[in-house]
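Values in this text are rule-based calculations from the coordinates and carry no lab data. Just so you know, these numbers come straight off a predicted model, no measurement behind them. Backbone-built Cβ (ideal geometry, glycine too); neighbour counts: all protein chains shown.
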Amino acid sequence: MSYTIEGSTGPWELVIGLEVHAQVISKSKLFSGAATDFGSEPNTQVSFVDAGFPGMLPVINRECVAQAVRTGLGLNAQINLVSRFDRKNYFYADLPQGYQISQYEHPIVGMGTIDIELESGETRPIGITRLHLEQDAGKSMHDQHASKSLIDLNRSGVALMEIVSEPDMRTPEEAGAYIRKLRTILRYLGTCDGNMDEGSMRADVNVSVRKAGEAFRTRCEIKNVNSIRFVMQAIEAEARRQVEIWESGGAVTQETRLFDPARGETRSMRSKEDAHDYRYFPEPDLLPLVLDEAWVATLKTELPELPDAKRARLMQDYGISRYESSIFVMEQVTADFFETVAKGRDAKQVANWMLGDFFAALNRTGRSIENSPVSAADLGALLDLIKDGTINGKIAKEVLELMVETGEAPGAIVEARGLRQVTDTGAIDAAIDQVIAAHPDKLAEYKSGKDKLFGFFVGQVMKAMAGKGNPALVNEALKQKIGAPAA
Amino acid sequence: MSLDPATVRRIAKLARIRLTDDEVPRLEGELNAILGYVEQLSEVDVDGVQPLSGGAQMAMRLRDDAVTDGNYPDKILANAPDRIGNFFAVPKVVE
Amino acid sequence: MTMLDMSIAEALAALAAKKISAVELTDAHLTAVEALNPRLNAFITITADQARAQARAADAARAAGDAPALSGIPIAMKDLFCTEGVRTTAGSNILEPFIPPYESTVSARLKAAGAVMLGKANLDEFAMGSSNITSAYGAVENPWQRDDGAKLVPGGSSGGSAAAVAARMAMGATGTDTGGSIRQPAAFTGIAGIKPTYGRCSRFGIVAFASSLDQAGPMARTVEDCAILLGAMSGFDERDSTSADRPVPDFRAACARGVQGLRIGIPREYRVDGMAPEIETLWQSGIDWLKRAGAEIIDVSLPHTRYGLPVYYIVAPAEASSNLARYDGVRFGARVDGADLIDLYERTRAAGFGAEVKRRIMIGTYVLSAGYYDAYYLRAQKVRALMLRDFNQAFAKVDAILTPTAPSAAFAIGEKMDDPVTMYLNDVFTVPSNLAGVPAMSVPAGLDARGLPLGLQVIGRHFDEETVFAVAGALERAAMFTAMPAVRAGAGS
């Protein structure tokens, strides 16, 4: 661990813990039958339960419970067969009941762990303290009206999983890697779409600083950070602020803060000033949540292959590197794409093509693998055309560009544009003769021992053949005509 | 344990109830009487007793994940003391 | 006998025999409401037009040979049950403008059973009280009169329901019981009322006071009428997670079962200091009646009884402080504008809640607040567990338990109001069954020296309301309680 913040009194290390709120994928809300779709008209996806009307009662959604269990299993965590809901009491305009139904003392999922991968290639385990189910609040909009805040309760009651990490991270990079890994796992499990732009994943970041070897110092919580980049920036900004406070003889006070990305700084959150006494108590409208062990076991057997296991298997089955495999498994669709192409082909070559020209083409055209203009079957067909000698590697790159542009199949492109490679030795010989005739000086230099000019002749011949010459045959014929290079 | 006026005010703040100055001493007296009365629970031996939080002794039923409710914004907003369009409206909040 | 003095069972028979029509029955009751409500204040809202329409529909249904169980029976609905399109106040200013866009399960079931709703009955604000004096819509007067002519409370919180039934303004009524709010007013007004097992009646659509204790139940002039009403009110509701998924037994049939061979427990801890001697005497009469009817009387012990009230006065306010947080002036109900959101909340709630409600919210907030939870709330929940254990141990030996319903008869408006704790003592006999979730019923059994009705309470096992009805029926038959309140429809007062 080398990351520190250099203060006037020397280096400070960071202690970071994350509370990630992940919106559960379900059709209806945690405690009501209202829909959960994003972006609906205001207050349409709201039942009387979600709006906290008198006499309304919560009834729990089985699928949300299953999603939490799946997530717990995916985080290698303990599943608590008996858990309980509590009320967290506070007043806010978008909290209709005046309390949030959450799990305080007895969460559905206990201790777990995930491994994060760092730039250095190093892997670090990060402890998961717990995962609990809770309901989301509605949405307050403060910038739509001169003197009023507007409240939309569409999100009120949507199921969230709060996933709390141990204070195990020491650098902004680790925090970023943790969220990325968590997001990947949730997406694999299909329990959260991980879409930070739409708020379906948000992080509260706990940050403190200390001198090496010290116990933890006071931490601050930065609420609701909604991108990985901002999480990393917020950590650094907050750590610097705390270092300044400590070094100027002050003391950090525990509080809730907000990150302002425009200014690159955190500030105290006024609305949370007195929200520290939540008066948790068991939710009397709900009974203990008791899970059937067999049901949990069934959910476990139905889990998909998770990223770490998939990475190991891809390395094993396809002989690709850890680095290549790590990139493929970041998104399940990417790994599936790779496997579809690699099946029955040279996997190393498939990996090279995907990580090179294919990803470059996607990036350039602003596409992702989900809406790739080139299907796995077509990419495979392109590689097959190289293998059977229909086209050479250089032409293949051109064909790929055309595939991305037009969405056409590689075979059709090759045929329509006459890109088949030339294996007719007569045509190759003719091209060679033409090149030799055009460059008598270069030929003389070659003959006098400038061996590396052989490549020049290969290039000129290929150029003369519009790139379509079979490289092996061109090489062979050239050797016949001008002699093989000595080395 | 007994309440002082500052605690009465703090609790009222937490409960979001504005108290007048003359309500504070009255509530202080009443609340202390109630707290004094419930104090007798401290004489009960509750070692090892599991707390009972609910009236029903059964496990929780889980409902199926289906959209069965909502989609009636008019009803949701019909009783609103203040609204703008299909939003509830409150005095502007500074975060 | 006029229509107004009929029991529900008698009225159903008369309706079935076409001796009376539902419209006649409803009109007679609406006339009684009109005459007596200005004095008794039993109703907050009278729904005469709706009642007449329901009565006409009941007559039509009966003519078509399709009359459901309560077709044409006029009842009062405690104003804690949300009724679609009909203002529901919970006795509070904060819900003064609230018109629910939905119907509670219990009121919906009664409606589906053909009952006619005369109006919304007065109650203590948010059902918090034992006297009905905390209602923002004025106190209810007990139709019974004491020899000194003082205006008496009907008990509470279901005081409007009790007064309406006792005064013959309604044949039956719904109540809710969190710590005795059905049984104590029933006893104070000389009628019967049962708090069924927690989970028997759905709480969906009932304005919540203390969720782990609240239970709806019927109030009527006879045990059998309560059984008829409860049959219609009960049953599984998937919208309430605490609703029990069990069949509804034939409660009515149970009323006539008798007590031959039943073991009746007498808990020694219910003999409390300061209990009126008439109540002691009445309790003994109850014991004798049941013995004579063939029951075996067994002494039992419920050792934690005396802790029931202190537990209740922690648990109920704690839950209430949270349940009443939703009354914030944002989505429904009354609002008092403020400079900012917090100001709006504080002004709205200061103006919207009465003194008793504020007191309980404050206590509840305090006992849940940081540093006090373990000492108050958690300890109370543990003692609550011991109280449940007491009942379970007693019910291993007996089939039902007999106690008085309340430690005194109805008191006058203004009495017992010096401090909240004295008032709370009214619930000493009723609170334990709420804490344990067991069913309990009050039966009118006699009069005190000043001519006021007294009730006996029968407590049963979880989901064994049938035995409760059997014992209550036996007590009713033995007591032959025929006294009537001074103020009642047809009495000319």
*Go ahead and estimate [θ] at 222 nm for chain B from helices alone: -39,500 (n - 2.57) per DSSP H run with n ≥ 4, summed, over the residue count, rounded to 500.*
-9500 deg cm²/dmol
*Across region A:135-150, in residue order, what do the Karplus-derived ³J(HN,Hα) couplings come to in whole Hz, using 6.51 cos²θ - 1.76 cosθ + 1.60 with θ = phi - 60° and x for Gly and Pro?*
9, 7, 8, x, 10, 9, 10, 9, 10, 9, 8, 4, 10, 10, 9, 10
*Debye, to nearest 20: dipole size of chain A, +1 on Lys, Arg Cβ, -1 on Asp, Glu Cβ*: 800 debye
*Ordering of C:404-416, A:195-207 by packing [mean C-beta count within 10 Å, highest first]*: C:404-416, A:195-207
*Would you kindly calculate the translational diffusion coefficient of region C:155-194, applying Stokes-Einstein with the Kirkwood radius from alpha carbon pairs, for 20 °C and a viscosity of 1.002 mPa s, and quote it in µm² s⁻¹ without decimals?*
230 µm²/s
*About the Cα centre of the protein assembly as shown, how large is the charge dipole given +1 on each Lys and Arg Cβ and -1 on each Asp and Glu Cβ? Please answer in debye to the nearest 20.*
640 debye
*Among the lysines, which have Cα under 22 Å from the Cα of C:K111 when same-chain residues fewer than 8 positions away are ignored?*
B:K75, C:K18, C:K78, C:K120, C:K195
*If all Cα-Cα distances of region C:16-66 are sorted into 5 Å bins from 0 onward, what percent lands in each bin, rounded to whole numbers?*
5, 20, 25, 19, 14, 9, 6, 1
*Sort C:M480, C:M275 so that the residue with the fewest other Cβ atoms within 10 Å of its own Cβ comes first and the one with the most comes last.*
C:M480, C:M275
*Principal axis lengths of chain A from Cα atoms, whole Å, largest first?*
93, 56, 51
*Rounded, prolate or oblate: which fits chain C when a ≥ b ≥ c are the square roots of the eigenvalues of the alpha-carbon gyration tensor, with rounded for a/c under 1.5 and prolate only if a/b beats b/c?*
rounded
*Among A:L379, A:A486, A:T423, which residue has its Cα positioned farthest towards the positive end of the charge dipole of region A:368-487, with +1 placed on the Cβ of Lys and Arg, -1 on the Cβ of Asp and Glu, and the dipole taken about the Cα centre?*
A:A486
*asked:* With angles folded into 0 to 90 degrees, how steeply does helix A:172-189 sit against the dominant principal axis of chain A? Use alpha carbons for both and round to 10.
replied: 90 degrees
_Most positive-pole-ward Cα, A:Q242, A:L14, A:H276, against dipole of region A:5-298 from beta carbon charges_ = A:H276
*Farthest toward positive dipole pole in chain A [+1 Lys/Arg, -1 Asp/Glu at C-beta], among A:G194, A:S140, A:G72*: A:G194
*asked:* So if I place +1 on the C-beta of Lys and Arg and -1 on the C-beta of Asp and Glu, and nothing else carries charge, what would the dipole magnitude of region A:45-188 be about its Cα centre? I want it in debye, nearest 20.
replied: 360 debye
*List the lysines whose Cα lies under 18 Å from the Cα of A:K300, skipping any in the same chain that are fewer than 8 positions away.*
A:K310
*Sites matching trypsin sites (Lys or Arg not before Pro) across region A:349-427 that sit in DSSP coil, with at most 14 neighbouring C-beta atoms within 10 Å*: A:R367, A:R417
*Using θ = phi - 60° and Karplus 6.51 cos²θ - 1.76 cosθ + 1.60, couplings along region A:442-458 (whole Hz; Gly, Pro as x)*: 5, 4, 4, 4, 4, 4, 7, x, 7, 4, 6, 6, 4, x, 4, 5, 4
*Prolate/oblate/rounded label for region B:29-91 (Cα gyration tensor, a/c 1.5)*: oblate
*If you average 1/r over all unlike Cα pairs in the protein assembly as shown and invert the result, what Kirkwood radius do you get in angstrom?*
33.3 Å
*Given region C:308-381, what whole percent of its Cα pairs are spread farther than 16 Å?*
52 percent
*What is the helix-to-structure angle for A:332-342, meaning the angle in degrees between its Cα long axis and the longest Cα principal axis of chain A, kept from 0 to 90 and rounded to the nearest 10?*
20 degrees
*Round to the nearest 10 and give me the degree value, 0 to 90, for the angle of helix A:307-318's Cα axis relative to the longest principal axis of chain A.*
20 degrees
